[in-house]
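So the structure is just underneath, and the comments pick up after that.
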Amino acid sequence: MACVGAVVVDRAGRLLLIRRGHDPHAGLWSLPGGRVEAGETTEEAVRREVLEETGLSVSTGAVVGRVRIPAGEVVYDVVDLACTLDSPDQQPVAGDDATDVVLADAATLDTLPCTPRLVETLRTWGVLPG
C-alpha cells in the first residue's frame with residue numbers, strides 16, 4: 001500500500017512527531033503521514049496528511065528515505081519526504097489520526113515511545129535534530 005511520511009524539522013532543529021491514534025502502532029510516536037489517495041501525487045499526500053494530523057502547512061522537498069512496514073497481511077510502502085513549515089510561527093495541534101503532536105528536540109526524542117525502528121532509521125538517514 002502506497003504511503004507517505006513527512007520529516008519536518010523546524011528552525012530550532014526540532015522534529016515534528018504525532019502520537020498515532022489508530023493501528024498500526026496506536027499510541028506510539030511517529031512521523032505524520034498516511035496513505036496516498038487515488039489521483040494524489042506523493043507531495044500532495046504529504047501536505048494533506050501533515051495538515052490533517054497537525055494543522056500545519058508545509059512545503060515538500062526531496063525524498064529522504066523509503067521503508068516497508070509489514071502489518072499483518074498488509075505491507076505499507078512508505079516514502080518519507082523532507083518538509084519545511086510554510087510559516088515558522090505555526091503551532092501544531094493534534095487532529096485526525098493523531099492523539100497528540102510535539103516538536104521534539106534530541107533529548108525529548110530519546111524519551112518518547114516511538115514506532116519500531118523510527119529513531120534508528122532517521123539517524124541512518126541523517127535527518128534527526130542535533
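Below are the figures for this structure:
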read-out	value
Segment 93-130 versus segment 34-60: alpha-carbon centroid distance in Å	18 Å
Vicinal HN-Hα couplings computed from phi for segment 37-42 (Karplus, 6.51 cos²θ - 1.76 cosθ + 1.60; Hz; Gly/Pro x)	7, 3, x, 8, 7, 4
Glu40, Glu53, Glu73 arranged by Cβ crowding within 10 Å, fewest neighbours leading	Glu73, Glu40, Glu53
Label-reachable residues, segment 1-30, where backbone N falls under 19 Å from a point 7 Å from Glu37's Cα toward its Cβ	1-6, 21-22
Dipole in debye (nearest 20) - the chain, about Cα centre, beta carbon charges: Lys, Arg +1; Asp, Glu -1	380 debye
Fraction of beta bridges assigned by DSSP in the chain that are antiparallel (%, nearest 5)	75 percent
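We did not get these values from a lab; they are worked out from the coordinates using the rules stated. Worth saying up front: this structure is predicted, and the values here are computed from it rather than measured. We place every Cβ from the backbone using ideal geometry, glycine too, and count neighbours over all the protein chains shown.
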